[in-house]
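The values are calculated or read from the model by the stated rules, or taken from the named source; none is laboratory data. Every value quoted in this text rests on a predicted model; they were computed, and no experiment measured them. Here the Cβ is made from the backbone with ideal geometry for all residues, glycine too, and neighbour counts use every protein chain on show. Each accessible area value is taken on the protein alone, full model and side chains, heavy atoms only, with ligands, DNA and RNA left out. Shrake-Rupley method; radii C 1.70, N 1.55, O 1.52, S 1.80 Å.
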Amino acid sequence: MTTSRTSNSDALDWLAETAAAADLPWQESWRTSLDALFTWVARFSRRTNLVGDASPRALAGEHVVEALAVAAALRDAGVTPTRIVDVGAGAGVETLTLAVWAADAQVI
């Protein structure tokens, strides 16, 4: 596991700036949930290799941005998901990010 000195807060600041620049969905209220997600992944990646690089900046750049790109595509298509299915192919960072974005959706 590669680590970084970038804090969760720094990664979330970067994410907010990146989302604004790329017209990706972003709400400041998501910081609490994403901060908890970054902390959880880092904690459990010490035991098991959940993702290649569990640093906050890598999670933001490699996983959360991808999920926000999917959210933007759905938004632009006028789709509001009611159900999100995770096929179990990884740590679930993308799915949990989509769950933050679509808070009323059922996550399976």
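Of all the numbered requirements in (1) under 15 Å from Val100 (Cβ atoms); (2) open to solvent by 70 Å² or more (accessible area, probe 1.4 Å); (3) small (Gly, Ala, Ser), Ala89 misses one, and that requirement is (1). With respect to the stated conditions, Ala73 is closer than 12 Å to Leu24 by Cβ and part of a helix (DSSP H, G or I).
Search segment 80-106 for residues that are in contact (Cβ under 8 Å) with a residue 60 or more places away in the chain and pair each with any residue that is part of a loop (DSSP other than H, G, I, E, B) when their beta-carbon atoms are under 8 Å apart and the residues are at least 6 apart or on different chains. From segment 80-106, the pairs are Trp101/Pro25. When the residues of segment 1-35 are filtered to those that are under 16 Å from Ala91 (Cα atoms) and either among the aromatic types (Phe, Trp, Tyr) or under 14 Å from the mean Cα position of the chain (by Cα) (or both), the one that is surrounded by the most Cβ atoms within 10 Å (Cβ to Cβ) is Leu34. Of all residues in segment 36-81, those being closer than 14 Å to Gly92 by Cα, aliphatic (A, V, I, L, M) and surrounded by fewer than 16 Cβ atoms within 10 Å (Cβ to Cβ) number 1.
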